[in-house]
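Pasting a structure below so you can have a look.
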Amino acid sequence: MLQALMPLLVDGLANAALIFFVAVGLSLVFSVLRILNVAHGSFYAIGAYASVSLSLWIVSAGLSPWLTLPALAVSAAIVAAILGPAVERGFLRWTYGRPESLQILVTFALFLIFEDLQKLVFGVQSLYQDAPVQLFGTSEIGGILYLNYQLVLIALAVLVVVALRLLMSYTRFGKLMVAVVADPEVSQALGIDTRRVYMAAFTLGVFLAAFGGALASPTVGVAPGTGPEAIVLAFAVAAIGGLGQIEGAALAALVVGVVRVLAIYFAPEFEAVVPYLVMLAVLLVRPYGLFGSVRVRRI
Amino acid sequence: MTPPILKVENLRIAFGGVAAADGVELEIAAGEFMAIIGPNGAGKTTFLNLCTGYVKPATGSVLFEGRDITGLSPRAITRRGIARAFQIPQLFAGHSLLENVMLALAARHGIRQVLAPLDREAYRVEGRALLELVGLETAAGQPVSELPEGMRKLADIALALALKPRLLLMDEPTSGVSAQEKYALMGTLMQVLKTEGITALFVEHDMEIVRTYAGRVLVWDSGKVLASGAPEAVLADERVIRSVVGAV
Amino acid sequence: MPIVVLAVLAALVALLPAAVPWLRFVFIITIASGFAALGVAVLLRAGLISIGHALFYAVGAYAVAFLMRATGTTDLFLLLAAAVVVSGLAGLVVGAFMVRYRAIFFAMLNLAVSMVVFSLLSKLYGLTGGSDGMRVATPTLVGSALDREAFNAVFLYVVIGLFVAAGILVQLYFRSPMGEALAAVETNEVRLEYLGVSVRGVLLSAYVLSAMLAGLGGAIAGIAIGHVVPEMAYWTESGHFVLVAVLGGIAGPAGPFIGAIFLEVLRTLASGFAAETWNLVVGVALLLVIFFLPEGLYGIGAKLFRRRGAQ
């Protein structure tokens, strides 16, 4: 059984790593801006489109295929640098402090707009460029063949968890974010430029989602429908972990990844349902997620 | 002898290691008008939260009219006959003042109606009478969110009175009310409580109000009852002065 | 006043398709999503946003398909009634869980449950026909079988009648003690509990009502299209219902209906020059409404009316 499960497990964890990138960005943006960004999955899709386009160009231009590796991060950074500030300054800031239903609607409208913009810019056919996967090759462990690229994805996710934790705890920007999360009004009164913190945090969230998409593109490609699928999965994972929790999102992605593998092995028809069932089960017991906490209202 | 309307035994609760109620014992007889005083953070509001089920005690029990209500929800406790007015007025911001009161009346008469309107003759009449009682009849049609703080406090009390409770708990009814209106408010309130036969307990910071209106005073400090008795005696107590007056 | 607006609209809708027969189908589908949006609008009263009401839309539609297949029932009114009952029961079960949550969590949990149902509908091929969906035959009307054309002609008026009736009932409900308490949930839950009112009871009854409305909409859509598919439960469909509700404004039951018509007109216009960018047009329209007409289209209409009345 282990023989059969191991490849599935690596596959599941690699998948979990990708979802984690989207979920942790969503979670981060929610905790700082207090907005649940429905358009967050679109950044994942756009990141994937950007990286595939860049890779395809690199290969067709006859440049070294090794350039496709930095292209993954570079394309995500470009997407974040352009869309992050534009969306936050252009749309989201008008909704701060407004009802949640309105914030969700604004981001839903952005989601709809992004969906069609993707089709206009990148077309409706699915795109695929697997040079990075080819470059890493495979390795054989215990008679089983693994894609090294998937192992790299898992390692990268772990790295990002650590990096985000260090960022939050030890850097000036991280501490500013923590302060704004704790109390935006007091932070502002203390002279913190909350506008810049909001913009930077949102851009970081966009980068994480776009990076996830970029990393996913060499294995599964990208096509219309990628965004809507990514956002609901990210919602589920972020909610399981507790909104605003970095380690929570990582643990949730792990749990979802593993349970999904078990589902594929024992009851394949339920595979797609797993993230939501885990979410319902967790929220039934802990309404604010594994790591989330309740704020009691003072009366 | 009639049993006390409210009896509290060995009530304990702590938040982050700080005791807000530390073995509180208390009895209130029907018809009393009792004030709770004490420094900020002494646990006075927590005591009201404990009595009405918003916070569950770690140990101890609360008996209302001889029946145990410990651990019941605020809704269940309200339905038994305890109403509450809040330090920060708790109103329905989207509704007018009269609609707020009519909602409270509907809550008492039966909220489970889905086709008959809330805005009906019977509720309007009763609601206006209630608003007249607290001196708010001229503001009946105004959205509560536009009322000044003093009027919001009165509205909050009116919602509690609409329930026709047997016990009313009020958290600083005169805070936010202007100095000259405080006495008018308390006078009216005393009148209503007396005619309706409502026992009341109120947290208060204004010692003159306490001296003038309270039948009994309870001094609260660090989760404990420091002293209890007639206002003149208690307010002259050396320890009380140090605890309360010194801190205010 | 809202009832007058509703009546005028109903009359317009009733006369137009008589003149232009191909509009019948479009109007039926428009009203179907109007029903679902009305369901969403009920919950918006309490400040709760559900991105999962396509679930009940699909439940209503599949209820019709299953009932036809399992029992051979073809009577229109029986099918619609069954769909309302089944989606109401589904609303009771799901709602009992949902009313414990607020804000983002309410929105997301509705989304999650609808996605579970979407996945099951697509995967359980033997039961639901998988992603191919299920066929729905043309129902009979009080015992008489009609062809598609004739059926749609009658069906449209049935649907309009149902919508007007539902609109009036929802309007009465909004003004009733339970309906006002529903609005009070948004502004002060704590006080509501301190009045002895069960907030969860108020929310659960609203949730069941909203599920029944969405289910009826789904049943109507399923019958009109003659086919039900899992995509009816997909979350973007839920998003569209919210959008229709907000576009129209949630001030009264006519709002979602106006939103649905507006969207349909927009779709028809857009199909001429921007069929590929339909979502883009809707997204922009939604942003414009949110930032410039915060009360929705209905709110603007109501304001104009009031001003004219005042002069």
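If I filter region C:186-204 down to residues being more than 7 Å from chain B (Cβ to nearest Cβ) and buried (at least 23 other Cβ atoms within 10 Å of the Cβ), which single residue comes out as farthest from the chain's Cα centre (by Cα)?
So the residue we want is C:Leu192.
Please verify whether region C:155-166 includes one or more residues that are over 18 Å from C:Gly215 (Cα atoms) and away from chain B (no Cβ under 14 Å).
Yes, that holds for at least one residue.
Being in contact (Cβ under 8 Å) with a residue 40 or more places away in the chain and basic (Lys, Arg) narrows it down to one of B:Arg108, B:Arg75, B:Arg120, so name that one.
Only one candidate passes the filter, namely B:Arg108.
Return the residues of region A:247-262 that are surrounded by 20 or more Cβ atoms within 10 Å (Cβ to Cβ) and more than 30 Å from A:Ser169 (Cα to Cα); say none if nothing qualifies.
A:Arg260, A:Val261
Against the definition (at pLDDT below 85, part of a helix (DSSP H, G or I), within 14 Å of chain A (Cβ to nearest Cβ) and touching a helix residue (DSSP H, G or I) at 6+ places or on another chain (Cβ under 6 Å)), how does C:Gly259 come out, yes or no?
So C:Gly259 passes the test.
Going through region C:30-45 one residue at a time, which ones are assigned to a loop (DSSP other than H, G, I, E, B) and buried (at least 24 other Cβ atoms within 10 Å of the Cβ)?
Within region C:30-45, no residue meets the criteria.
Another question, then. Residues A:Gly212, A:Gly225: which one is without any contact (Cβ under 8 Å) to a residue 24 or more places away in the chain and either under 27 Å from A:Leu117 (Cα atoms) or surrounded by fewer than 23 Cβ atoms within 10 Å (Cβ to Cβ) (or both)?
A:Gly225
Can you name the helices (runs of 4 or more DSSP H) wholly within region C:59-131 that have at least 3 residues being closer than 14 Å to C:Ser210 by Cβ and modelled with pLDDT of 95 or more?
C:76-98
While we're here: Quick one: is B:Phe47 closer than 26 Å to B:Met151 by Cα and surrounded by 23 or more Cβ atoms within 10 Å (Cβ to Cβ)? Step through it out loud before you land on a result.
Values: closer than 26 Å to B:Met151 by Cα: yes; surrounded by 23 or more Cβ atoms within 10 Å (Cβ to Cβ): yes.
Here the answer is yes, as B:Phe47 does meet what is asked.
Tell me the helices (runs of 4 or more DSSP H) entirely within region B:163-248 that contain at least 2 residues that are modelled with pLDDT under 85 and crowded, with 19+ Cβ neighbours inside 10 Å.
So the answer is B:231-236.
Moving on to the next point. Please go through region B:94-112 and give me each residue that is more than 8 Å from chain C (Cβ to nearest Cβ), surrounded by 22 or more Cβ atoms within 10 Å (Cβ to Cβ) and either within 20 Å of C:Gly47 (Cβ to Cβ) or hydroxyl-bearing (Ser, Thr, Tyr) (or both), ordered by number.
Answer for region B:94-112, where residues must be more than 8 Å from chain C (Cβ to nearest Cβ), surrounded by 22 or more Cβ atoms within 10 Å (Cβ to Cβ) and either within 20 Å of C:Gly47 (Cβ to Cβ) or hydroxyl-bearing (Ser, Thr, Tyr) (or both): just B:Asn100.
Only residues that are polar (S, T, N, Q) and under 18 Å from C:Val159 (Cβ atoms): list them for region C:40-85, please. Steps first, answer last, please.
Looking only at region C:40-85, we keep the residues that are polar (S, T, N, Q), and these are C:50, C:71, C:73-74.
Within region C:40-85, just C:Thr74 meets the criteria.
Among the numbered conditions (1) surrounded by 17 or more Cβ atoms within 10 Å (Cβ to Cβ); (2) in contact with a Ser or Thr (Cβ under 7 Å, 6 or more places away or on another chain); (3) modelled with pLDDT under 90, tell me where C:Asn152 comes up short.
Unmet for C:Asn152, out of (1) surrounded by 17 or more Cβ atoms within 10 Å (Cβ to Cβ); (2) in contact with a Ser or Thr (Cβ under 7 Å, 6 or more places away or on another chain); (3) modelled with pLDDT under 90: (2).
Condition check ((1) surrounded by 15 or more Cβ atoms within 10 Å (Cβ to Cβ); (2) β-branched (Val, Ile, Thr); (3) out of contact with any helix residue (DSSP H, G or I) (no Cβ under 6 Å at 6 or more places or on another chain)) across all residues:
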{"position": "A:Leu127", "(1), (2), (3)": "yes, no, no"}
{"position": "A:Gly143", "(1), (2), (3)": "no, no, yes"}
{"position": "A:Leu147", "(1), (2), (3)": "yes, no, yes"}
{"position": "A:Val158", "(1), (2), (3)": "no, yes, yes"}
{"position": "A:Leu166", "(1), (2), (3)": "no, no, yes"}
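Looking for something in contact with a Lys or Arg (Cβ under 9 Å, 6 or more places away or on another chain) and part of a helix (DSSP H, G or I) - is there at least one such residue anywhere in region A:157-170?
Yes, because at least one residue in region A:157-170 is in contact with a Lys or Arg (Cβ under 9 Å, 6 or more places away or on another chain) and part of a helix (DSSP H, G or I).
The values are calculated or read from the model by the stated rules, or taken from the named source; none is laboratory data. Worth saying up front: this structure is predicted, and the values here are computed from it rather than measured. Cβ sites come from the backbone with ideal geometry, for glycine too, and all protein chains shown count toward neighbours.
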